[in-house]
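Down below is the structure, laid out as structure tokens.
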Amino acid sequence: MASAPAPAPADLPPWLQGLNPPQRDAVLTTEGPVLILAGAGTGKTKALTSRLAHIVFSRLAWPSEILAVTFTNRAAREMRHRMEVLVGDLAEGLPFLGTFHSIAARMLRRHAGLVGLDSNFTILDTDDQLRLLKQVVIEAGLDERRWPAKQLAGHIDRWKNRGEIPAEVPPGEAMSFGEGQANGAKLYARYQERLRALNAADFGDLLLHMLTIFTEAPDVLADYQRRFKYIMVDEYQDTNVAQYRWLTLLAGARHNIACVGDDDQSIYSWRGAEVANILRFERDFPGAKVIRLEQNYRSTSHILAAANGLIAHNKGRLGKQLFTAGSAGEKIAVIGVWDGPEEARLIGDHAERRAREGASLNQMAILVRAQFQTRELEDRFIGIGLPYRIVGGFRFYERAEVRDALAYLRLIVSPNDALAFERIVNVPKRGLGDKAMAALHAAARSMDRPLPRAAEAIVETPALSPAARRSLKTLVMDLDRWRALAETTPHPELARIVLEESGYVAMWQADKSAEAQGRLDNLIELTRAMEDYPSLTGFLEHVSLVMDNDASDATEKLTIMTLHAAKGLEFDHVFLAGWEEGVFPSQRALDEGGAKSLEEERRLAYVGITRARRTATITHAANRRVYGQWTAAIPSRFVSELPLDHVEVTSTLSGGPSLWRAALQGEVDPFAHVGRGTGRGPGWERAAGGFGAARNTAPAIDVKASAVSVGLRGRADVKLGARVFHSKFGEGTVIGIEGNKLEIDFPAAGTKRILDSFVEVRP
DNA sequence: TGTTCACGCCTTTTT
DNA sequence: GGCGTGAACA
């Protein structure tokens, strides 16, 4: 195919127009395994979509015979949209274009019986998962303060990401949570049993169960292998082990798999992603064709060169050298400011200036490392009336009122949904508190019925107080009535009726707090969103898997989002805020992950810079408030790793701390300094809770190794027996150390406490 | 059963 | 600095 003479551009179908030779190669190579190594801004999504269009249009396969997987719903949506533009109705459906999770969920519904679930199983979100795990931890007789459910959730997540069922958990890891027989693996097994009993699956299960099914029911696997003539994967560097196994099993003997990825943009290892998957592609699929896309069409050459120079500090890369034929543009601006509010002010000013010069706010973005950074920006933009949108963060479908409403609806669709029932049984207050719930749980156990079913039965017995019985009976009857109503009423209308009749709306109307009105608005928005779906079941399925609702509106807005959320996007003007040691790279990455996670942070920086088409502005503040404490900061090491030729460094500081300025200019090594904070007089060194960087004093930077985390900036060396001071308990002695936590005896206060902050240590 | 208050935790990143 | 949780109290 590649050897065919290239037709004149006018004869080319739309999906082959405007492609450079490697891109065209990627589109036209339709047989055998293909790995497309594509750098940032090289048009990899374009190449992949064009390939899809080519296959469909050339009738190499029907749309239903193509599996096209993305990580985010946004990417799937985009690809579908582009397909519609390219091949119109031919792209209709593409039933297997979606995220890993959504496709796995659809498959699992079909074969749920093979893993002991009904096809209408509920998909738990993080919140449900956590509540269930908490129950499991408590039932196992563990102290949930010492063994937080959240931590167990983390372990289980990791195991599921690796495709490990409880029996496959490595013994060493099993013991890293819990004690004796109540260890991590045992609790994991118990949790899986509970899920099955509840007819529920969590996110990780969607893939894990499919792996189990593929292994135990080879005919099911063979069926899918026959069906999928082509498999395409976007962002392959982000696949975790479970996803990788799922893909390789499906690719089966055909090996007709095309993966697009960029090892330099691998930023999800914390979610179980293994860059190794992309590195071993050629071994997994012998004869694989590797196509490199290296021409960047997005950014100016200054921006690209700066990004290239930064990422070159990483070792263990597949190595690409991106180039552009574009103009030089402006150098990357690096601006140092005094503190967080000033940073927000500066970015706001710059954005407004660009807007006055004719740039669209829609084409500007502020990219931050962590959500907490958005707050100061928001404060400022509200103040000056600059329209902005925050992507991510508190998600619509995770808001309490939305989840409550959804629980009511779930209960109508699935009368056995115990978790939904528990959530709303006393919301609004119905006088069904702990005592009533304990009785209900006991009844459910003895009757061996799901909680909501037990509730139906218990209202006829004397197990509850008369008041509670009446109240519960009303709820049970209401639910029955709503279920009947669901047969005849359009679902958005049904939702409105349910929220009204249950007293839920009234509850918020009676609430005088500031956010009550917002919550009511959210409920209205929820019922409105339901109109976009054909049925209640369809809507609920959508909600559990598609957690983003990009409310698109017409007004131009500046976007604020995390670097992670920005992957795959591009903007004319990008502001990269908070480039300070401890913020970016994050303290956690520095403390825990060693060189490996520092490299991931650097890739994140690379992703950030390469989002920019025309200008990139990096800012860093000398002082930042963390947990309400002022903390001194030095510029991120990534700043100094940018090649000087492509960077313009300025500082708005005039009388700032001399060490900080010197560090910024590279005259001193800030890490060589051990700081003194605003401790409690002579002899006391501030060891935790931040250094309280008072103006006109040198910032305190203590990077000595060891036990106690000191705010966001460093650590202090604490040993057993160390004398400490606590603002409330007075003087004390360290009698135990575990990780970042100190056990401290405060004789004066007559108490022992486990603390990890707000302690001062005498060196 | 509901309300208040104090403590401690939080700030990575997401399907 | 803000929020959720859990213990103590009404």
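The values are calculated or read from the model by the stated rules, or taken from the named source; none is laboratory data. What you see is a predicted model; the values in this text were computed from it and never measured. So basically every Cβ, Gly included, is an ideal-geometry build from the backbone, and we count neighbours across all protein chains shown. We work out accessible area using only protein heavy atoms, side chains counted, and drop any ligands, DNA or RNA first. Shrake-Rupley method; radii C 1.70, N 1.55, O 1.52, S 1.80 Å.
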* To do: Please go through the stretch A:564-588 and pick out each residue that is over 27 Å from A:Ser651 (Cα atoms), outside any loop (DSSP other than H, G, I, E, B) and open to solvent by less than 20 Å² (accessible area, probe 1.4 Å).
  => none
* Filter the stretch A:125-138 for residues that are closer than 15 Å to A:Ala185 by Cα and away from DNA strand B (no atom under 16 Å from the Cβ) and give the result. => A:Val136
* **Lone unmet requirement of (1) open to solvent by 10 Å² or more (accessible area, probe 1.4 Å); (2) under 30 Å from A:Ala420 (Cβ atoms); (3) among the aliphatic types (A, V, I, L, M) for A:Ala222** => (2)
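How many residues does the stretch A:364-406 hold that are part of a helix (DSSP H, G or I) and either within 16 Å of DNA strand C (Cβ to nearest atom) or open to solvent by 60 Å² or more (accessible area, probe 1.4 Å) (or both)?
Residues that pass the stated criteria total 20.
Having 1 or more residues that are of a type in the set (Lys, Arg) and more than 35 Å from the chain's Cα centre (by Cα) is the bar; report the helices (runs of 4 or more DSSP H) wholly within the stretch A:446-531 that clear it.
On the way: elements: A:451-458, A:466-488, A:491-501, A:504-510, A:516-530.
Where helices (runs of 4 or more DSSP H) fall fully within the stretch A:446-531 and carry at least 1 residues being of a type in the set (Lys, Arg) and more than 35 Å from the chain's Cα centre (by Cα), they are A:451-458, A:466-488.
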* Could you tell me which residue of the stretch A:156-169 is least open to solvent (accessible area, probe 1.4 Å), considering only residues that are assigned to a loop (DSSP other than H, G, I, E, B) and either at pLDDT below 90 or within 17 Å of A:Glu193 (Cβ to Cβ) (or both)? => A:Val169
* Does A:Ile311 satisfy the condition of being closer than 19 Å to A:Ala577 by Cα, crowded, with 18+ Cβ neighbours inside 10 Å and either at pLDDT 85 or above or in contact with a Gly (Cβ under 6 Å, 6 or more places away or on another chain) (or both)? -> yes
* Asked: Out of (1) out of contact with any Leu (no Cβ under 8 Å at 6 or more places or on another chain); (2) within 26 Å of A:Tyr268 (Cα to Cα), the odd one out for A:Lys160 is which?
  -> (1)
* Structure fact -> Screening A:Ala182, A:Ala153 for residues that are within 14 Å of DNA strand B (Cβ to nearest atom), modelled with pLDDT under 90 and open to solvent by 10 Å² or more (accessible area, probe 1.4 Å) leaves only A:Ala153
* Going by the conditions given, is A:Arg430 in contact (Cβ under 8 Å) with a residue 12 or more places away in the chain, within 16 Å of DNA strand B (Cβ to nearest atom), within 30 Å of A:Ala566 (Cβ to Cβ) and surrounded by 16 or more Cβ atoms within 10 Å (Cβ to Cβ)? -> no
* To do: With the checklist (1) within 11 Å of A:Ala577 (Cβ to Cβ); (2) open to solvent by less than 40 Å² (accessible area, probe 1.4 Å) in hand, flag the one item A:Leu361 doesn't pass.
  => (1)
* Asked: Failed condition for A:Arg110, given (1) more than 16 Å from DNA strand B (Cβ to nearest atom); (2) open to solvent by less than 50 Å² (accessible area, probe 1.4 Å); (3) under 17 Å from A:Tyr224 (Cα atoms), with all others met?
  -> (2)
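Of all residues in the stretch A:608-642, which are within 15 Å of DNA strand B (Cβ to nearest atom), hydrophobic (A, V, I, L, M, F, W, C) and crowded, with 24+ Cβ neighbours inside 10 Å? Walk me through how you get there before you give the answer.
Of the stretch A:608-642, the ones within 15 Å of DNA strand B (Cβ to nearest atom) are A:608, A:611, A:621, A:623-631, A:633, A:636, A:638.
Subsequent filtering for residues that are hydrophobic (A, V, I, L, M, F, W, C) retains A:621, A:626, A:630, A:633, A:638.
A:Ala621, A:Ala633, A:Phe638 - these are the residues of the stretch A:608-642 that are within 15 Å of DNA strand B (Cβ to nearest atom), hydrophobic (A, V, I, L, M, F, W, C) and crowded, with 24+ Cβ neighbours inside 10 Å.
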* Is the stretch A:388-403 home to any residue that is in the same structural domain as A:Thr461 (by TED's automatic domain parsing) and over 30 Å from A:Leu569 (Cβ atoms)? -> no
* **Of the criteria (1) in a loop (DSSP other than H, G, I, E, B); (2) of a type in the set (A, V, I, L, M, F, W, C); (3) more than 26 Å from A:Gly538 (Cβ to Cβ), which one A:Ile138 fails** => (1)
* Asked: How many of the residues in the stretch A:433-448 are open to solvent by less than 40 Å² (accessible area, probe 1.4 Å) and within 16 Å of DNA strand C (Cβ to nearest atom)?
  -> 3
* State whether the residues of the stretch A:584-600 include one that is touching a residue at least 24 places away in the same chain (Cβ under 8 Å), touching a strand residue (DSSP E or B) at 6+ places or on another chain (Cβ under 7 Å) and within 14 Å of DNA strand B (Cβ to nearest atom). => no
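Yes or no, residue by residue, for (1) in contact (Cβ under 8 Å) with a residue 40 or more places away in the chain; (2) of a type outside the set (S, T, N, Q):
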{"residue": "A:Leu409", "(1), (2)": "yes, yes"}
{"residue": "A:Asn426", "(1), (2)": "no, no"}
{"residue": "A:Lys435", "(1), (2)": "no, yes"}
{"residue": "A:Ala439", "(1), (2)": "no, yes"}
{"residue": "A:Ala442", "(1), (2)": "no, yes"}
{"residue": "A:Arg445", "(1), (2)": "no, yes"}
{"residue": "A:Pro462", "(1), (2)": "no, yes"}
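Does the stretch A:608-624 contain at least one residue that is farther than 27 Å from A:Asp262 by Cβ, within 16 Å of DNA strand C (Cβ to nearest atom) and not polar (S, T, N, Q)? Let's see the steps before the verdict.
Quick first cut of the stretch A:608-624, residues farther than 27 Å from A:Asp262 by Cβ only: A:621-624.
Imposing the further condition that a residue be within 16 Å of DNA strand C (Cβ to nearest atom) reduces the set to A:623-624.
Of the ones still in play, those that are also not polar (S, T, N, Q) are A:624.
Within the stretch A:608-624 (the criterion being farther than 27 Å from A:Asp262 by Cβ, within 16 Å of DNA strand C (Cβ to nearest atom) and not polar (S, T, N, Q)), the answer is yes, since at least one residue qualifies.
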